[in-house]
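The values are calculated or read from the model by the stated rules, or taken from the named source; none is laboratory data. Note that this is a predicted model, so its numbers are computed, not measured. Every residue, glycine among them, receives a Cβ derived from its backbone with ideal geometry; neighbour counts consider all protein chains shown. Heads up: the accessible areas ignore ligands, DNA and RNA and are worked out on the full protein's heavy atoms, side chains in. Shrake-Rupley method; radii C 1.70, N 1.55, O 1.52, S 1.80 Å.
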Amino acid sequence: MISVAEALRAVLKLGTPTDIEMVPLIQADGRMLAQDVTATREQPPFAASAMDGYAIPTTDAAQGDSFTVIGEAAAGHRFDSAVTSGQAVRIFTGAPLPEGATRVIIQEDVIRDGDTITLRANVDAGTHIRPSGGDFKFGDTISAPRLLTPSDVALLASMNIANVPVRRRPVVAVIATGDELVQAGETPRDDQIIASNSLGLAAMFRRAGAEARILPIAKDTPASLEMALSLAKGADLLVTIGGASVGDHDIVAEVAGSLGLEREFYKVAMRPGKPLMAGKIDGMAMVGLPGNPVSSMVCGEIFIRPLIDRFLGLTAGPRARVFVPLAQPMGANKQREHYMRAVIADGAVTAFERQDSSLLSVLASANALIVRPPNDPARQIGELVEVITL
C-alpha cells in the first residue's frame, strides 16, 4: 500500500496536456484558455461621455454660465465639428466626445431654452468623460491558462477576438462493472442495484472540464469486460468502477493486464478508497476506482480531478485545503488517511457521525471533506483541521 501523496504523483504522471484547438467565442465559456490572447483594439476606442448631458470646451463652468447648443452626439453618431468657447453639444452616454470638449455637464444641471443652456446652482464637479483606453489598451493580454467565464467572453468580444485557443476537453471513458448493476431507469431484480457511481463521476468530470462518456456496464466475465474496454479506445483516460479488489469476481486488474495494462500501483492507504489502481493501457491513462459509491466519488475528487487539471494544462496537484475549526470533537484516527464527509456551517466544520462508504445520502449532504492524517490524535472543539471544500 502506498500513501495518498505517492498515489497522486503516480496518477499525475499518466497525463499530459491535451492539444490546442480554436473555438468560436460563442463556445468559449467554461473552456480552458491555452495561449495568451491580446486585445486588437482599445476600449473605449475614443473618449466618450459617461452621462447624458452637454459637452462643453471648459472645465471652469459655474452657475449662470450660458452656452449655445450647436449639435448632437449619440452612441454610434459622432459630432464631426469642433466645440469652441461658448458652445455646447448635446451628448448621450457612450457617444464620442467632440473635438475641443473637456467636460460633460449632466442634463439635470442645466436649464435649456431653445438652443441655449444655462448652468444651475451646485453644478456637478465631475467631468463625466470615459478616457480612450480606460478599460483596456491595444496589446493588453489575457494570460493562459484560465478557465473562461461569461465575463471573460464579454471582455474577449470587446477586444474583437472572435476565435479563442483552448485546450481540447480530455475524453474520459467511464465503465461501471458488476453483475449487480443496472442503468438508471431500468427495473433491477431483487438482487441488483442502480449504477449510480458512473453518473455521479461523469457529472464531476464534466464540471472539471472533461468530456465524459459512460460506456455499457461490464458484467463479471472477461468477455464482457474486454468488450467494454475496447469501447474506450481513443479516450484520454479510462476510469473503471468496481472490480479492482481481490475477490473472486474482481477481474478488472486481471483482464486489463491481459490487454497490456502497465500498472503503476494498487492499494492506497486511505479511507474510503483503499482498492485503487492506476496505470497505462493502449495509450490511455487508466484509473480503477473502488465500487463503493462514496469511495469512488471521493477518489474522483482526490485523484481524477487533479489529473483532469493536468490534461487541461493547469498546475496539477492535491486539492486545495483550508483550515477550519471543529464544531464537534472527533476521536483519534487509525493508520490510513481518512477523508470524512462533513458540513461547514457558521465558520466551523462538523463530521457526520455515519462515515460508511456506501452512504450516498451522507455525501450528498456534505459540503466538505475533513482530511485526517494517519494516526491523527483525538481533536477537540475549536481545533483547526484540514478541509477540502466540495
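Some observations on this one:
- Residues satisfying the stated conditions in the range 58-75, i.e. in contact with a Pro (Cβ under 9 Å, 6 or more places away or on another chain) and either outside any strand (DSSP E or B) or touching a residue at least 60 places away in the same chain (Cβ under 8 Å) (or both): A75
- Filtering the range 315-342 to residues that are among the aliphatic types (A, V, I, L, M) and surrounded by 15 or more Cβ atoms within 10 Å (Cβ to Cβ) leaves A316, V324, L326, A327, M330, M340, A342.
- Within the range 348-360, considering residues that are within 27 Å of the chain's Cα centre (by Cα) and modelled with pLDDT of 95 or more, the one surrounded by the most Cβ atoms within 10 Å (Cβ to Cβ): V349
- Considering the conditions (1) open to solvent by less than 70 Å² (accessible area, probe 1.4 Å); (2) among the hydrophobic types (A, V, I, L, M, F, W, C); (3) touching a Ser or Thr at 6+ places or on another chain (Cβ under 7 Å), L148 is excluded by exactly one of them, (3).
- Qualifying residue in the range 57-67 (condition: open to solvent by less than 10 Å² (accessible area, probe 1.4 Å) and closer than 17 Å to G100 by Cα): no
- The range 86-120: number of residues that are assigned to a loop (DSSP other than H, G, I, E, B) and either surrounded by 23 or more Cβ atoms within 10 Å (Cβ to Cβ) or touching a residue at least 60 places away in the same chain (Cβ under 8 Å) (or both): 4
- Taking the numbered list (1) open to solvent by less than 60 Å² (accessible area, probe 1.4 Å); (2) out of contact with any Gly (no Cβ under 9 Å at 6 or more places or on another chain); (3) under 24 Å from K13 (Cα atoms); (4) not in a helix (DSSP H, G or I) in turn, A285 passes all entries but (2).
- Residue count for the range 151-189 satisfying the condition of being in a strand (DSSP E or B) and buried (at least 22 other Cβ atoms within 10 Å of the Cβ): 10.
- The set of residues from the range 251-282 being in a strand (DSSP E or B), closer than 24 Å to K334 by Cβ and among the charged types (D, E, K, R) comprises just one member, R271.
- Residue match in the range 44-52 (condition: free of Cβ contacts under 8 Å to residues at least 60 places away in the same chain, open to solvent by less than 60 Å² (accessible area, probe 1.4 Å) and within 49 Å of the chain's Cα centre (by Cα)): yes
- Some residue of the range 238-246 being under 20 Å from P275 (Cβ atoms), in contact with a His (Cβ under 7 Å, 6 or more places away or on another chain) and of a type outside the set (G, A, S): no
- Number of the condition not met by V37 [criteria: (1) among the β-branched types (V, I, T); (2) open to solvent by 50 Å² or more (accessible area, probe 1.4 Å); (3) within 19 Å of P150 (Cβ to Cβ)]: (2)
- Test set (1) among the small types (G, A, S); (2) closer than 21 Å to I251 by Cβ; (3) surrounded by fewer than 24 Cβ atoms within 10 Å (Cβ to Cβ); (4) under 29 Å from the mean Cα position of the chain (by Cα) - A208 fails condition number: (2)
- Within the range 121-143, the only residue that satisfies the criterion of being in a loop (DSSP other than H, G, I, E, B), surrounded by 15 or more Cβ atoms within 10 Å (Cβ to Cβ) and of a type in the set (A, V, I, L, M, F, W, C) is V123.
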